[in-house]
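Undergrad: Got a structure here, written out as structure tokens. Questions coming.
The values are calculated or read from the model by the stated rules, or taken from the named source; none is laboratory data. The shown structure was predicted, so the numbers you read here are calculated from the model rather than taken from an experiment. Positions of Cβ are generated from backbone atoms using ideal geometry, with glycine treated the same way; all protein chains shown enter the neighbour counts.
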Amino acid sequence: MHDTSRSDPRALAAAIAARHGLEGPLDHLTEGQTNHVFGTPEAVIRFSRDPLRGTVTDVDEFAKEAWCSRAAEAAGVVTPRVLAVGQFQTEGSGSGAAGADPLSVPYQLQERMRGEHPDEATPRLWQRLGDCAAALARIPLDDAPGQLFTRFGRDLAEAWAQHVHHNLVALGDDDPLFELGVYRASDLEWLTDWVSATKPVGQQHGLFHGDLNPGNVLVAPDGELVLLDWGSAATGPVPWGDLVHLQRGRFPHLAEDFAAGFGIDPEEVARGLPRLELLQALDLVRWAIDRRPDLLDHYRTTATQTVRRLAPR
């Protein structure tokens, strides 16, 4: 009998594998920021590390990933096929309290593909990823799930304009971000200019992966790139969604290689990327205030550091 409480991820993965008739040894493949990832010889089992996911984003988030996987495959981008999406009822919350309520844990099964994670320092890799991003950006979104779109709707150009406007009109001494110390009164003029400048950035909108890094890429034995983990996929200006992720991650020096693969002018990237990085940092604080106050300190700190770093000297 497996202890399927949330506090024992391996036992939970084994129970999910048994439900689907998967046999063989169970490997702990990785411990990502978002998901536990285990593997059998045939499949990869993914479920959230966040106990709120079952009540906040629910199984619809994995259904979104399944749609992205199918759409990417149809567009010629290699990615594991999703085998199942479901929910597993645990025996308890894992808090250690007697009588703890069970949790319904969303999970996903996908085919296990073989390959090696690439050398992150290879510019050619990032050029190829830029080419993959261009293919994703051309995917029709008529039947795309709502989780891929922002609160401003499915018309991507109009949604982007509203997104920028929302953050622009909030700036001022009555802004919660001002009260939190993210920026000072002396920053208001340049912040207004920078946020305003993001509205026309990029003329193309579409789907982007949102978390391109060597851990989410395999190089198959035949040399083909395999994209993994569509949990951060979203829609908006492309390739800017991926470029902002590269900029705030470990790979800002590879943004130009990625942009070249996508087919965008590196000078345009140099002009637009810092402004988009700033906009995202501010917007994530607003999102945390409204939706995830438990993450507010993290995003407030990140945004404050971003403002200080980018402020004109």
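Yes/no matrix, rows are residues, columns are (1) of a type in the set (A, V, I, L, M, F, W, C); (2) over 17 Å from the mean Cα position of the chain (by Cα):
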| residue | (1), (2) |
| --- | --- |
| L207 | yes, no |
| N216 | no, no |
| D222 | no, yes |
| L227 | yes, no |
| G236 | no, no |
| R250 | no, no |
| A259 | yes, yes |
| G263 | no, yes |
| A281 | yes, no |
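Undergrad: Which condition breaks for D58 when tested against (1) over 13 Å from S104 (Cβ atoms); (2) modelled with pLDDT under 75?
TA: In the conditions (1) over 13 Å from S104 (Cβ atoms); (2) modelled with pLDDT under 75, D58 misses (1) alone.
Undergrad: For the range 247-274, which residues satisfy the criterion of being part of a helix (DSSP H, G or I) and either touching a Pro at 6+ places or on another chain (Cβ under 6 Å) or among the small types (G, A, S) (or both)?
TA: A255, E256, D257, A259, A260, G261, F262, A270, G272
Undergrad: Of (1) closer than 28 Å to L125 by Cβ; (2) over 17 Å from the mean Cα position of the chain (by Cα); (3) surrounded by 17 or more Cβ atoms within 10 Å (Cβ to Cβ), R300 satisfies all except one. Which?
TA: R300 satisfies all of (1) closer than 28 Å to L125 by Cβ; (2) over 17 Å from the mean Cα position of the chain (by Cα); (3) surrounded by 17 or more Cβ atoms within 10 Å (Cβ to Cβ) except (1).
Undergrad: When you go through D229, D187, D211, D173 one by one, which is the residue that is assigned to a loop (DSSP other than H, G, I, E, B) and over 28 Å from W126 (Cα atoms)?
TA: So the residue among D229, D187, D211, D173 that is assigned to a loop (DSSP other than H, G, I, E, B) and over 28 Å from W126 (Cα atoms) is D173.
Undergrad: Tell me which residues, restricted to the range 123-160, are in a loop (DSSP other than H, G, I, E, B) and surrounded by 14 or more Cβ atoms within 10 Å (Cβ to Cβ).
TA: Once the filter is applied, which keeps residues that are in a loop (DSSP other than H, G, I, E, B) and surrounded by 14 or more Cβ atoms within 10 Å (Cβ to Cβ), the range 123-160 yields I139, L141, A144, P145, F149, T150, F152, R154.
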